[in-house]
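Written out below as structure tokens is the structure these notes cover.
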Amino acid sequence: MSVCIKDNIQNMNLVIGCTVGCSYCYARNNARRFRMTDDFSKPEFFPDKLRIMEKQRPQNFLLTGMSDFSEWQPAWREEIFAKMVENPQHQYLFLTKKPESVRFSSGLSNAWFGVTVTSQKEKGRIAALRRNIQGRHYHVTFEPMFDDIGTVDLSGIDWIVIGTETGRRKGKAISRPEWVRNLTDQAHALDIPVFMKEDLCPILGEENLVQELPKAFADVLEKQKAWNRRK
């Protein structure tokens, strides 16, 4: 049975808003639907949500589900990472589509910095991530895919996620099986875990999904089970 990635990684939307303007952006649609902000094109920080990190039950958190890390103001980053230092029980993930715009460094072993790559012409984002963000862990999300990504330099990458576009957008991008297998084979050749999102089931068949997590994330899930048993 396939696993929904949201069951393993929870969104913590400390910042809502993005200026990238992707045509397929689900975050913009959700922000408008639920009136999360007055203007999605102006990223807004919600510091009150930092208290979510104080929960002792370990979690894998995605902090950029409704924003782009490159657009976080330095003061926001400083406050957020200070809170992360106080709460090492969690794993924290960040994504950007504009790594060339970021200059950031963190030595935290539970901070994971990533980029989104949707086409062959965006492969340079991976090198820009390694060049501009100094961190302990890197990951890449290939979702949606508009073409065959081809050969990628995954050196130094600790995890990749592969998916396809969801929703009802006219002309939406559909990932092809051979594109998914190509990226999976390249990652596995370097012993990099691969997580194929559940939306690939109609494309690949559920029995062919590869859903691997980095050990740090899997350890958090095991700790959650132990925590639940104690309760």
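The values are calculated or read from the model by the stated rules, or taken from the named source; none is laboratory data. Source: prediction; values computed, not measured. Note that we place each Cβ from the backbone using ideal geometry, even for glycine, and neighbour counts take in every protein chain shown. Ligands, DNA and RNA are excluded from the accessible area calculation, which covers all protein heavy atoms including side chains. Shrake-Rupley method; radii C 1.70, N 1.55, O 1.52, S 1.80 Å.
Annotation: the antiparallel percentage among DSSP beta bridges lying fully within the chain is about 10.
The helix-only estimate of mean residue ellipticity at 222 nm for the chain, built from DSSP H runs of length n ≥ 4 each weighted as -39500 (n - 2.57), is -8000 deg cm²/dmol after division by the residue total. The GluC sites (Glu not before Pro) of the stretch 189-221 include none that meets both conditions, a loop assignment by DSSP and at most 14 other Cβ atoms within 10 Å of the site Cβ. Heavy atoms of the protein chains alone define the surface here; on that basis the chain has 51 Å² accessible area per residue at 1.4 Å probe size.
Taking a ≥ b ≥ c as the square roots of the Cα gyration tensor eigenvalues, the stretch 1-69 comes out oblate, since a/c reaches at least 1.5 and a/b does not exceed b/c. The alpha carbon centroids of the stretch 1-72 and the stretch 116-168 are separated by 19 Å. Relative contact order, whole percent, for the chain stands at 17, derived from Cα pairs under 8 Å and 6 or more residues apart. Applying a 4.7 Å cutoff between beta carbons, the unpaired cysteines of the chain are 4, 18, 201.
Applying a DSSP loop filter and a limit of 14 other Cβ atoms within 10 Å to the chymotrypsin sites (Phe, Trp or Tyr not before Pro) in the stretch 6-71 leaves 34. What pairs in 121/215; 83/215; 123/170 have C-alpha atoms more than 28 Å from each other? Over 28 Å Cα-Cα: 121/215.
Choose one of 154, 184, 81: the residue whose Cα lies farthest towards the positive end of the charge dipole of the chain (beta-carbon charges +1 Lys, Arg; -1 Asp, Glu; about the Cα centre). It is 81, whose Cα lies furthest towards the positive end. Restricting the trypsin sites (Lys or Arg not before Pro) of the stretch 95-197 to loop positions (DSSP other than H, G, I, E, B) with no more than 12 neighbouring Cβ atoms within 10 Å leaves 103, 168, 170.
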